[in-house]
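Scroll down for the structure; my scribbles are underneath it.
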Amino acid sequence: MFNGIIIDFCKFFFSKYFINLNFFIFKLNKKFFNINFGDSISINGVCLTLIYKSFFFFEFNYCYGTFLNISLFKKKYFNFEKSINLFNKINGHLIFGHINNLIFLKKKNFFNIIKLYLFESLFFKKFFIYKCSISINGLSLTINELIFLKNFIIFSINILNFSYFFTNIKFLKNFDILNIEIDHIFFNIINNIFYFNFK
């Protein structure tokens, strides 16, 4: 599990294919030297397992579905986060690293705050709640505006300068595609409250 507090954004080196297996190789810095084989790492919000490391190069195996339907590893820099320890502070919100969907982005600047407007399919309407947590490219954020239209949802999130400049959000352009993960735990709690109250 992760908490959506990005510790670094790192460089994509290259990908390779070998006997029906696919691999991503990233050039990481010293913050990641204490991770070991088999450890889970969140890369742009996607949970991947470290299978090999050598000097600054770290290799992760991925499945075809991850590459095709979930993670568009076409950019140069990616948000990285180590998995949390059981008794550590959470700080953000609990994230599984299982991406729900891809969304389109519209970016605007308002003084010291960067506001991201995101477009989502109406199919996911029940998962979106005002002031609910959401993971965007692995970053824990909060829904600040929420509008339901006929065929899609528009919602916005605010990003402070610190988060903007220390994550790969600063490289995004209008109408880029992002990875999102809804707050499953919060959504399940709300569902259970309604179920037992109106049973």
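General observations
- Pair list, Cβ under 6 Å, 6 or more apart: the range 82-94 residue under 16 Å from HIS184 (Cβ atoms), other residue not in a loop (DSSP other than H, G, I, E, B): GLY92/SER140; HIS93/SER133; HIS93/SER140; LEU94/ILE185
- Filter pass, PHE194 being aromatic (Phe, Trp, Tyr), more than 14 Å from the chain's Cα centre (by Cα) and modelled with pLDDT of 80 or more: no
- Qualifying positions in the range 1-33 - modelled with pLDDT of 75 or more, surrounded by 15 or more Cβ atoms within 10 Å (Cβ to Cβ), part of a strand (DSSP E or B) and not hydrophobic (A, V, I, L, M, F, W, C): ASP8
- Filtering the range 121-142 for residues that are modelled with pLDDT under 80 and β-branched (Val, Ile, Thr) leaves an empty set.
- Any hit, the range 41-55, residues being farther than 18 Å from GLU81 by Cβ, in a loop (DSSP other than H, G, I, E, B) and not basic (Lys, Arg): yes
- Residue list for the range 126-169, filter: assigned to a helix (DSSP H, G or I), hydrophobic (A, V, I, L, M, F, W, C), in contact (Cβ under 8 Å) with a residue 40 or more places away in the chain and surrounded by fewer than 17 Cβ atoms within 10 Å (Cβ to Cβ): none
- Candidate set from the range 93-125 (those that are closer than 14 Å to ILE180 by Cα and of a type in the set (Val, Ile, Thr)); member that is surrounded by the most Cβ atoms within 10 Å (Cβ to Cβ): ILE95
- Residues within the range 130-170 that are aromatic (Phe, Trp, Tyr), touching a strand residue (DSSP E or B) at 6+ places or on another chain (Cβ under 6 Å) and farther than 11 Å from LEU118 by Cα, tallied: 2
- Note on the range 106-125: residues that are in contact with a Lys or Arg (Cβ under 8 Å, 6 or more places away or on another chain) and in contact (Cβ under 8 Å) with a residue 40 or more places away in the chain total 5.
- With respect to the conditions (1) out of contact with any Asp or Glu (no Cβ under 6 Å at 6 or more places or on another chain); (2) in contact (Cβ under 8 Å) with a residue 24 or more places away in the chain; (3) in a loop (DSSP other than H, G, I, E, B), ILE99 falls short on a single one, namely (1).
The values are calculated or read from the model by the stated rules, or taken from the named source; none is laboratory data. On a predicted model such as this, the values are computed, not experimentally measured, just so you know. Please note: Cβ atoms are built from the backbone with ideal geometry, for glycine as well, and neighbour counts cover all protein chains shown.
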